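S.K.: First the structure, which I've put down as structure tokens, then a few questions once you've had a look.
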Amino acid sequence: MKVLTKTLLAFACAALMAVGVSADQAKPAAQSAPAPAAPSRLTPALHGEAQIIMTEPALKREGKNLVTTFKVKNASKQPIAGFKIEEFWYDKKGAVIGGDTFRYLKPLQPDEIIDVKLEDVATGNEANNNYKFSHANGTVGKPTRVKKF
């Protein structure tokens, strides 16, 4: 007898749940705002040699630091992922005595212009400096220098 009661109770619960689900499905859809436009397709990052344009570096002394600033523009047709600039300072004998690294955390989009600021502690022995450009998927060709964009 207890088995029959439990079985009937189980069927009754299942029937009530089925009616509740079908009632939710039967309700007409409420008017809502139009769906947002589909996002534009992402352009894959550049693989291989990237081309960039840079302005002439401006060097200033700020306290005990040497600060180099310039602008960089992506001249390639695709975004550059993992864009990085390393600055090296050399003494008169050619030994490396310091430097700084700049990383652009987002992909550098085609024709995008960014400001670069590199800082290094001044030792007084700096004779000249050099830059190394790189990115995550290849190399960067020799940058073209311009006076301004």
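S.K.: Work from the charge dipole of segment 97-148 (Cβ charges, +1 for Lys and Arg, -1 for Asp and Glu, about the Cα centre) and give the residue of Gly124, Asn137, Leu105 farthest towards its positive end.
M.R.: Checking the options against the dipole of segment 97-148, the answer is Asn137.
S.K.: Under a Cβ-Cβ cut-off of 13 Å, what is the net charge of the residues other than Gly63 that fall near it, where Lys and Arg count +1 and Asp and Glu count -1?
M.R.: So the surrounding residues net to 0.
S.K.: Give, as a single signed number, the net charge of other residues whose beta carbon lies under 11 Å from the beta carbon of Pro110, with Lys and Arg counted +1 and Asp and Glu -1.
M.R.: Taking every Cβ under 11 Å from that of Pro110, the sum is 0.
S.K.: Quick one: putting +1 on the C-beta of Lys and Arg, -1 on the C-beta of Asp and Glu, what dipole do you get for segment 52-146 around its Cα centre, in Debye to the nearest 20?
M.R.: 180
S.K.: Additional query: Which value in nm describes the separation of the simple spin-label points at Asp115 and Val146, placed 7 Å from the Cα toward the beta carbon?
M.R.: Roughly 1.9 nm, to one decimal.
S.K.: So how do 52-58, 76-82 stack up, highest first, on mean other-Cβ count within 10 Å?
M.R.: Sorting 52-58, 76-82 by mean packing, highest first, produces 76-82, 52-58.
S.K.: Could you tell me whether segment 52-146 comes out rounded, prolate or oblate from its Cα gyration tensor? Rule is a ≥ b ≥ c as square roots of the eigenvalues, rounded for a/c under 1.5, then prolate if a/b exceeds b/c, otherwise oblate.
M.R.: The shape class here is prolate.
S.K.: Between segment 112-149 and segment 78-106, what is the C-alpha centre distance in whole Å?
M.R.: The two parts, judged by their Cα centres, are 6 Å apart.
S.K.: Hey, which of these cross-link pairs are over 22 Å Cα-Cα: Lys60/Lys142; Lys73/Lys93; Lys93/Lys132; Lys71/Lys92; Lys73/Lys132; Lys64/Lys147?
M.R.: Lys60/Lys142; Lys73/Lys93; Lys71/Lys92; Lys64/Lys147
S.K.: Would you list Glu49, Glu119 from fewest to most Cβ contacts within 10 Å?
M.R.: With the sparsest Cβ surroundings first, the list reads Glu49, Glu119.
S.K.: Something else about it: What is the sum of charges around Met54, taking Lys and Arg as +1, Asp and Glu as -1, for the other residues whose C-beta is under 10 Å from the C-beta of Met54?
M.R.: +2
Since every read-out is calculated from the coordinates, none of them should be taken as a lab result. Remember, it's a predicted structure, so these values are computed and weren't measured experimentally. Every residue, glycine as well, gets a Cβ built from its backbone with ideal geometry; the counts of neighbours run over all protein chains shown.
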